[in-house]
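As structure tokens, the structure follows; a few thoughts come after it.
The values are calculated or read from the model by the stated rules, or taken from the named source; none is laboratory data. No experiment lies behind these values; they were computed from the predicted model shown. Ideal geometry is used to build each Cβ from the backbone, glycine not excepted, and the neighbour counts take in all protein chains shown. To get the accessible areas, we keep the full protein, side chains included, count just its heavy atoms, and leave off ligands, DNA and RNA. Shrake-Rupley method; radii C 1.70, N 1.55, O 1.52, S 1.80 Å.
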Amino acid sequence: GRDRLASDPERVLACPDPGCSSEERAEIQELLRAVSDLIVGRLTRHQKTVLIALAIDGVSPAVLAIELDTTPGAIYKTLHDARRKLAAQLALV
């Protein structure tokens, strides 16, 4: 389903960036882990589905709206709410 994240955020960094230091790489991994944990633990299932489909899988809002039997406006609102919730939680971390 579209509400699942890769269980291993470090896989994103499997191909090292030659311009990235070890410290920067560790910071990025920590941030990815924190964001992944927040997505899984703090968002509703619908928010996870929308966020992952749009921001990670690159699905268009129009296509997702059809898949979820809703409107693109409702998809944008859900994405907005999810991003706001994540930003607020990240500020606390």
Residue, farthest from ILE52 (Cα to Cα), within segment 79-93, restricted to residues that are open to solvent by less than 80 Å² (accessible area, probe 1.4 Å) and under 13 Å from the mean Cα position of the chain (by Cα): LEU90
In segment 31-53, residue modelled with the lowest pLDDT [restricted to those that are closer than 20 Å to ILE75 by Cα and open to solvent by 30 Å² or more (accessible area, probe 1.4 Å)]: VAL40
Top-ranked residue of segment 58-74 - restricted to ones that are in a loop (DSSP other than H, G, I, E, B) and either open to solvent by 50 Å² or more (accessible area, probe 1.4 Å) or free of Cβ contacts under 8 Å to residues at least 12 places away in the same chain (or both), ranked as nearest to HIS46 (Cα to Cα): LEU68
Pair list, Cβ under 7 Å, 6 or more apart: segment 24-41 residue among the basic types (Lys, Arg), other residue surrounded by 14 or more Cβ atoms within 10 Å (Cβ to Cβ): ARG25/LEU13; ARG33/PRO9
Single residue of ASP3, ASP17, ASP81 found to be modelled with pLDDT of 85 or more, at negative phi and of a type in the set (D, E, K, R): ASP81
